[in-house]
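Asker: Handing you this structure, nothing more for now.
The values are calculated or read from the model by the stated rules, or taken from the named source; none is laboratory data. Everything quoted here is computed from the prediction, not taken from an experiment. Glycine gets a Cβ as well: all are built from the backbone with ideal geometry, and neighbour counts include every protein chain shown. Side chains included, ligands, DNA and RNA excluded: accessible areas come from the protein's heavy atoms. Shrake-Rupley method; radii C 1.70, N 1.55, O 1.52, S 1.80 Å.
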Amino acid sequence: MQSDNVITHGIEKRIEDAGGPATKPIYAYWQRLKGSRLAPTWSNWDWMEIPLSAIPYCGVVDVIWNAENLDFIYRFWGTAYVEAYQQELTGKSVRDIRHKSLSDQVFTQYSICYERQVPCLFTTTIKNERFDQTVKERSLRLPFIGNANSTDGVITHLFAYSFIDTDQEIVRRVLLNEGG
């Protein structure tokens, strides 16, 4: 991670207030998979059930406990993130996100979703103070259990769809500390 001028601030929102073109269809699909269980199983997830245009803006993490420490390791890091962050995080921790404030914010959001074991929606403001540019990101985070026979309700995966209604080039400049 680097020391930089990028700061974040997150606010939890109601799912009903979801923004983003794919947020509601993704959430509806998750609810159908869930049925009467705590959460759906990750093995039942079918990427073909969500809008194709949303996939680059998705991420999936494995929930990992190492020596009593909770961590979230990216199983999938969408191409829109790779482009904006100029960073590939598949196989790496959310703690490896280049900007510490953003890394901390994402970790906190995943932790809340994991601990509550319910879908969560967050709005994160990402601001580059050096260039006085701001980006707002809305992130839907969804929990998944390990297998259909699980009775312990252990959340093993978390899914995220994040929507930023700002030009991708502006997002990249804010995250990379570039003026323009």
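Asker: Largest first and to the nearest Å, give the Cα extent of segment 37-125 along each principal axis.
Answerer: Cα extents, longest axis first: 33, 32, 25 Å.
Asker: Quick check: pseudo-label points 7 Å beyond the Cα along Cα→Cβ at TRP65 and ALA28, how many nm apart are they?
Answerer: 3.7 nm
Asker: Also, I was wondering about something else. For VAL154 and ASP104, FRET efficiency with R0 = 22 Å and r from the beta-carbon atoms, rounded to 0.05?
Answerer: Calculated transfer efficiency: 0.30.
Asker: Residues with beta-carbon under 12 Å from that of GLY91, excluding GLY91: net charge, scoring Lys, Arg +1 and Asp, Glu -1?
Answerer: For residues surrounding GLY91, the net value is -1.
Asker: Once you list every other residue whose beta carbon is under 10 Å from the beta carbon of PRO119, what net charge do they have if Lys and Arg are +1 and Asp and Glu are -1?
Answerer: With Lys, Arg at +1 and Asp, Glu at -1, the neighbours total +3.
Asker: For THR125 and SER36 in one chain, what is 0.36 nm times their gap in residues minus the Cα-Cα distance, to one decimal in nm?
Answerer: Result: 28.6 nm gained on full extension.
Asker: Let me ask something else about it. Can you check what the net charge comes to around ILE26, using other residues whose Cβ is under 13 Å from the Cβ of ILE26 (Lys, Arg +1; Asp, Glu -1)?
Answerer: +3
Asker: Can you send over the solvent-accessible area of GLU68, 1.4 Å probe, protein chains only, in Å² to the nearest 10?
Answerer: 150 Å²
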